[in-house]
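Just below is one structure, and these are the notes that go with it.
A short reminder: the numbers here are calculations on the coordinates, not readings from a lab. Keep in mind the model is a prediction, meaning the values are calculated, not measured. Cβ: placed from backbone, ideal geometry, glycine included. Neighbour counts: every protein chain shown.
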Amino acid sequence: MKAKVQKNGHANLDSFPFRYGFTYDNTERLELTNIRNKGDMVDNRYHIDANFVNPNTDKTEQGHFVMLNDRENTVVTVWGANMDSKEETRLSETLRSARIRGKINTDDMVKMHSLKIRSLDEFIDYLAIKSSTKEIEVINSDANRRVEKLSKALGRLNEDKKSLQSNLDKQDAENIALKRIIEELKSVSRGAYDSRGSGGIWNPGTFTLVSVRWSNKGRNNQRAVMVKLKDSKNYEFEIANNWSDGIQDRYRQAELLVSKTVKYSTFGNYSRDWFLNISDDVHQDNPFDNSFVIRKPAPKVGAITFKIQTVEIVPGNTFNSNWRGNMQKVTTNKGTYIDNIKNPENPMLTPGFDWSSVIGKTVNDAVINHSRGCDWINKR
């Protein structure tokens, strides 16, 4: 590194002459080699250890340099390698103050070097010959103020470093915790996955998982995982799963996905208030929209011609004790079937066709499905 030694700078007027016995008549470039131990930036300054050749003796010297953070690598001050930084900083500031106040000059600095005056106490003894006690006190006071200013700057840097390290430690801890959560989520998701029916039919839309709780639901009031979801219109609803295999993993999976965006699948012809699987991989398969459009299950029987004879609106629990709301009971020339009403109270249910609108007519676009112990008639 080519370091700049400013003609009228403290390094050229005080540091080099006092500690190494030389000074430059003009601004010069000093080549620093074997640069090491670069320190932190404080008040736009940084510290390094380096070697250089003394221009008076051609001897390679070692020094601890305080450098200005500029394009020219300006030397602010320098002292001997392995010296106490606090003591040398105080000595440098005292030398500067005494020179500025006219009590010594650069020739005095060179002379003191030849006299092997190196410490602050030795310098004060030398200064006492030329200055009064009061003048020395003023010089010391001035140097102390500058040292205190540097100490405060260093203190702020140390506090900043501690704060930064604390934030880094906190971030590391958060990253470790997040990694553990991700690994746990992968594990419980594998345990929770239900492969029946190829994993079920993925319902359209994505939802925010709001909460999860234990409850009971089903024909036999089985223990069930109850998951509350919220759609894009902030409508909240609960979905349930009471399948015993993997139920603990299913609950934990939902816990880990609280506040996350998810989608869910439903098994077979079950209504959408039941779930088979939940996933936060919302881009898998089709990117469904957020409408409540429910897929019609694939018919077990092809399209058949039916004559609609009568249609009754009956309570759902007539067919299944767990069903709430009304259903359509549709009597045809080929048997009696059920369907949801056109506008079910539960928005999670697939709206049915208004079969009363075709009473006495023959339809050829109906399909029959058997699900949950009942025969269903659906309009294509």
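Label-to-label distance for residue 362 and residue 167 is 7.9 nm, based on points extended 7 Å past Cα in the beta-carbon direction.
For the listed peptides 27-34, 325-332, a ranking on the average number of other beta carbons within 10 Å per residue, highest first, reads 325-332, 27-34.
Once the Cβ-Cβ distance between residue 380 and residue 233 is put in as r, and R0 is 25 Å, what FRET efficiency do you end up with, to the nearest 0.05?
Numbers: r = 29 Å, r/R0 = 1.14.
Efficiency, rounded to the nearest 0.05: 0.30.
Helices in the chain that qualify as membrane-span-like (whole DSSP H runs, Cα extent of at least 15 Å along the helix axis, mean Kyte-Doolittle hydropathy of -0.5 or higher) are 120-130. Across the chain, the relative contact order, built from alpha-carbon pairs under 8 Å that are at least six residues apart, equals 10 percent.
Take the alpha-carbon positions of the chain, form their convex hull, and give its projected area averaged over all directions (one quarter of the hull surface) in nm². Could you put the intermediate results ahead of the total?
On the way: hull surface 125.6 nm².
Here the figure is 31.4 nm², rounded to one decimal.
Highest mobility in the GNM of the chain, judged by mean-square fluctuation with C-alpha springs under 10 Å and restricted to 351, 204, 55, is found for 55. Taking the charge dipole of region 1-107 about its Cα centre, with +1 at Lys and Arg Cβ atoms and -1 at Asp and Glu Cβ atoms, the residue from 98, 37, 74 reaching farthest to the positive side is 98. Computed over every Cα-Cα pair of region 2-151 and binned at 5 Å starting from 0, the pair-distance distribution P(r) comes out as 2, 9, 19, 24, 21, 14, 7, 2, 0 percent. Only residues of region 214-231 count here: report those whose backbone N is under 19 Å from the spot 7 Å along Cα→Cβ of residue 244, or say none. Within reach of a label on residue 244: 214-226.
When the Cα positions of 327, 364, 376 are compared along the charge dipole of region 304-379, 364 comes out farthest toward the positive end, with charges on each C-beta of Lys, Arg, Asp and Glu. Overall, the chain carries a charge dipole of about 1640 debye about its Cα centre when +1 sits on the Cβ of Lys and Arg and -1 on the Cβ of Asp and Glu, all other atoms neutral.
Pulled fully out, how much extra length does the chain show between residue 280 and residue 195, if you take 0.36 nm times their separation in residues and subtract their Cα-Cα distance?
Numbers: separation 85, 0.36 × 85 = 30.60 nm, distance 1.69 nm.
Gain on extension, residue 280 to residue 195, equals 28.9 nm.
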